[in-house]
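**Student:** Handing you a structure now.
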Amino acid sequence: MTRDWASLEIDRKARAHAPVQPVAKQAADERLTHFEEIYSVYDAEIARIEAARCIQCPDPAPCQLACPLGNDIPTALRLIEEGQFLEAANVFRQTSPIPEICSRVCPQERLCEGSCTHGGGVCNTPIQIGKLEKFVIELQYAVEGIPLGQVAPDTGRRVAVIGAGPAGMAAAEALRREGHAVTVYDANPHPGGLLIYGIPAFKLSKDRVVRKIEQLSALGITFVPNTRVGRDISLQALCEQFDAVFAGVGANVDAPAKWEGVELDGVYQAGEFLIRANVPDALKPEALVEDGKPPVGRRVFVFGGGDTAMDCVRSSLRLQREQEYPLDVTCAYRRTEGEMPGCRVERANAREEGAKFAWLTAPVRFVGDDAGRLTGIELIQMTLGEPDASGRRRPVPLEGSEHIVEADTAILALGYWPDPLLGKTTEGLETHDWGLISADPLTGRTSLPNVWAAGDGVTGPDLVSTAVRGALRAARDIHRTLSEL
């Protein structure tokens, strides 16, 4: 949307000096008693004041350039300032199919807010773009209910989507709005992918994901749960039954751990731990329902430096409070905080809730008793050497620094790998690097003529918004191809 600059009269200097309007956040003691979202939603007047801080940078605005989806943020903020909240919500919806989710889980500090000119200005505090987006989208749901929008007349073409995570949801909606019949296959009992089974509810309420799925179902999209393509049905079979196939399988396999003792009771991979800790039984895979929430004990160590590690830390603190243990959760990371890749805001929330951090610390082995239960962890101190391929200084073990600490629970948040099943079971589908699907970054086309792919299953673990961007590009190419048949 092109903005009418001739009619725009603002005092940029005054706006640059306007104080930030923060969103209320529950106190740490209160939020440790539950697993629900911790931030409030702006009220209308405060939202208008915060939006009015925007100095309306000329096109192209830095915040819009930094958004993977290209959201027209200045126009949305101008509409919020004017009290046109529903119109602002629709501006976000023009480019983002899941603004109710992106507003909560995108690392705005590294994207739109990190590029906001206010961040380096007088106030040194960017516009609270994510919180404003959340406000208008929640208001839209409250006023209008589930916004269905327009769906083109049926084309007679059928598309199969593999995976009901962010990429699959985005591709399914875009293709359905073009009039194609869409069926989504997912290995889990409920659609949502990592939005349900990876991200804790204190960051993203499960209700908001369920509500999005209800919207997609109302558009006419069919979901087939508990069906893993490559095991329960082959990709070849889908290619025979449908005019096109989109693979949004994600990267949800826990990175393997090779330390001695990882098989001990009390040592968890992050994926299983987060599902057991955060997902309601009604949405869990059947195999995990009977296991219940993990008993964490008195001393918990989480190994890793990304957002998944913080999710495990903050979940553990809530479980300790729930199970009436003193709070004793430590995140051990082999580099320093300066090299930590995860969200700074999430680390701050974890500290407020009582988390401890052990920098330059790595595990050597996990120690157990005769019953096979974890009792301790041998740790080693690290020092930083020369930069590695990632550009960060390489951690180097400090000889003679080994020591054993007592531990009841260890959680390995070491990152995720792609699921190699599709590549292994599909002749002609090119993959690389442990199962990532080879696909054109602009069109999503794979080595098979009627198969497209995008999301973490193509790029490796990345942001929700980048997965959606890739899925929308692939959906446009699928629609273009089907229109030419």
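The values are calculated or read from the model by the stated rules, or taken from the named source; none is laboratory data. Keep in mind that what you see is a predicted model, and the values were worked out from it rather than measured. Quick reminder, even Gly has a Cβ in these numbers, built from the backbone with ideal geometry, and neighbours come from all protein chains shown.
**Student:** Just to check your reading of the model, which residue among 97, 62, 19, 58 is within 18 Å of residue 137 (Cβ to Cβ) and of a type outside the set (Val, Ile, Thr)? Don't jump to the end; show me each part of the working.
**Tutor:** Values: 62 fails: within 18 Å of residue 137 (Cβ to Cβ); 19 fails: within 18 Å of residue 137 (Cβ to Cβ); 58 fails: within 18 Å of residue 137 (Cβ to Cβ).
Going through 97, 62, 19, 58 in turn, just one is within 18 Å of residue 137 (Cβ to Cβ) and of a type outside the set (Val, Ile, Thr): 97.
**Student:** For residue 86, only one of the following conditions fails: (1) more than 19 Å from residue 170 (Cβ to Cβ); (2) surrounded by 22 or more Cβ atoms within 10 Å (Cβ to Cβ). What is its number?
**Tutor:** Condition (2) is where residue 86 drops out.
**Student:** Determine which single condition residue 139 fails, assuming it passes every other condition in (1) more than 18 Å from residue 22 (Cβ to Cβ); (2) buried (at least 23 other Cβ atoms within 10 Å of the Cβ).
**Tutor:** If we test residue 139 against (1) more than 18 Å from residue 22 (Cβ to Cβ); (2) buried (at least 23 other Cβ atoms within 10 Å of the Cβ), just (2) comes out false.
**Student:** If you don't mind, another one. Does residue 337 fit the bill of being among the charged types (D, E, K, R), buried (at least 17 other Cβ atoms within 10 Å of the Cβ) and under 30 Å from residue 128 (Cβ atoms)?
**Tutor:** Working: among the charged types (D, E, K, R): yes; buried (at least 17 other Cβ atoms within 10 Å of the Cβ): no; under 30 Å from residue 128 (Cβ atoms): yes.
It is false that residue 337 is among the charged types (D, E, K, R), buried (at least 17 other Cβ atoms within 10 Å of the Cβ) and under 30 Å from residue 128 (Cβ atoms).
**Student:** Hey, any hits in the stretch 262-284 for a residue that's more than 15 Å from residue 196 (Cβ to Cβ), within 21 Å of the chain's Cα centre (by Cα) and not in a helix (DSSP H, G or I)?
**Tutor:** yes
**Student:** A further question on this structure: Does residue 309 meet the test of being touching a Cys at 6+ places or on another chain (Cβ under 8 Å) and either among the hydrophobic types (A, V, I, L, M, F, W, C) or at pLDDT below 95 (or both)?
**Tutor:** Numbers: touching a Cys at 6+ places or on another chain (Cβ under 8 Å): yes; either among the hydrophobic types (A, V, I, L, M, F, W, C) or at pLDDT below 95 (or both): yes.
So residue 309 passes the test.
**Student:** Oh, and also: Name the residues in the stretch 29-45 that are surrounded by fewer than 16 Cβ atoms within 10 Å (Cβ to Cβ) and either in a helix (DSSP H, G or I) or more than 25 Å from the chain's Cα centre (by Cα) (or both), would you?
**Tutor:** Answer for the stretch 29-45, where residues must be surrounded by fewer than 16 Cβ atoms within 10 Å (Cβ to Cβ) and either in a helix (DSSP H, G or I) or more than 25 Å from the chain's Cα centre (by Cα) (or both): 29, 30, 43, 44, 45.
**Student:** Can you tell me which condition residue 255 does not meet? The list is (1) under 22 Å from the mean Cα position of the chain (by Cα); (2) surrounded by fewer than 19 Cβ atoms within 10 Å (Cβ to Cβ); (3) small (Gly, Ala, Ser); (4) on the phi > 0 side of the Ramachandran plot, and all the others hold.
**Tutor:** So residue 255 meets the others, but not (4).
**Student:** Being under 23 Å from the mean Cα position of the chain (by Cα), in a strand (DSSP E or B) and not aliphatic (A, V, I, L, M) is the filter here, so list the residues in the stretch 403-419 that pass it.
**Tutor:** 416, 417, listed by residue number.
**Student:** How many of the residues making up the stretch 212-229 are under 23 Å from the mean Cα position of the chain (by Cα) and either crowded, with 19+ Cβ neighbours inside 10 Å or over 14 Å from residue 193 (Cα atoms) (or both)? Break it down stepwise before answering.
**Tutor:** Just the residues of the stretch 212-229 that are under 23 Å from the mean Cα position of the chain (by Cα), to begin with: 212-217, 221, 223-229.
Next, from what is left, pick out any that are either crowded, with 19+ Cβ neighbours inside 10 Å or over 14 Å from residue 193 (Cα atoms) (or both): 212-217, 221, 223, 229.
Selection size over the stretch 212-229: 9.
Residue-wise test of (1) assigned by TED's automatic domain parsing to the domain that holds residue 296; (2) part of a strand (DSSP E or B); (3) surrounded by 12 or more Cβ atoms within 10 Å (Cβ to Cβ); (4) free of Cβ contacts under 8 Å to residues at least 12 places away in the same chain.
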{"site": "363", "(1), (2), (3), (4)": "yes, yes, yes, no"}
{"site": "376", "(1), (2), (3), (4)": "yes, yes, yes, no"}
{"site": "379", "(1), (2), (3), (4)": "yes, yes, yes, no"}
{"site": "384", "(1), (2), (3), (4)": "yes, yes, yes, no"}
{"site": "389", "(1), (2), (3), (4)": "yes, no, no, yes"}
{"site": "395", "(1), (2), (3), (4)": "yes, yes, yes, no"}
{"site": "401", "(1), (2), (3), (4)": "yes, no, yes, no"}
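**Student:** Further, regarding this structure: Among the residues that make up the stretch 265-287, is at least one of them touching a strand residue (DSSP E or B) at 6+ places or on another chain (Cβ under 7 Å) and of a type in the set (Asp, Glu)? Please lay out each step first, then the result.
**Tutor:** First, pick out the residues of the stretch 265-287 that are touching a strand residue (DSSP E or B) at 6+ places or on another chain (Cβ under 7 Å): 265-271, 273.
Next, only the ones that are of a type in the set (Asp, Glu) stay: 265.
There is at least one residue in the stretch 265-287 that is touching a strand residue (DSSP E or B) at 6+ places or on another chain (Cβ under 7 Å) and of a type in the set (Asp, Glu).
**Student:** Same structure again: Would you check which residues across the stretch 12-24 are in contact (Cβ under 8 Å) with a residue 24 or more places away in the chain and either surrounded by fewer than 16 Cβ atoms within 10 Å (Cβ to Cβ) or in a loop (DSSP other than H, G, I, E, B) (or both) and list them? Explain how you work it out, then say what you get.
**Tutor:** Of all residues in the stretch 12-24, those in contact (Cβ under 8 Å) with a residue 24 or more places away in the chain come to 12, 15-23.
If the condition is that a residue be in contact (Cβ under 8 Å) with a residue 24 or more places away in the chain and either surrounded by fewer than 16 Cβ atoms within 10 Å (Cβ to Cβ) or in a loop (DSSP other than H, G, I, E, B) (or both), then 12, 16, 17, 18, 19, 20, 21, 22, 23 are the ones that fit.
**Student:** Taking the options 296, 345, name whichever one is more than 26 Å from residue 380 (Cβ to Cβ) and in contact (Cβ under 8 Å) with a residue 40 or more places away in the chain.
**Tutor:** Values: 296 fails: more than 26 Å from residue 380 (Cβ to Cβ).
345 is the lone residue from the list that is more than 26 Å from residue 380 (Cβ to Cβ) and in contact (Cβ under 8 Å) with a residue 40 or more places away in the chain.
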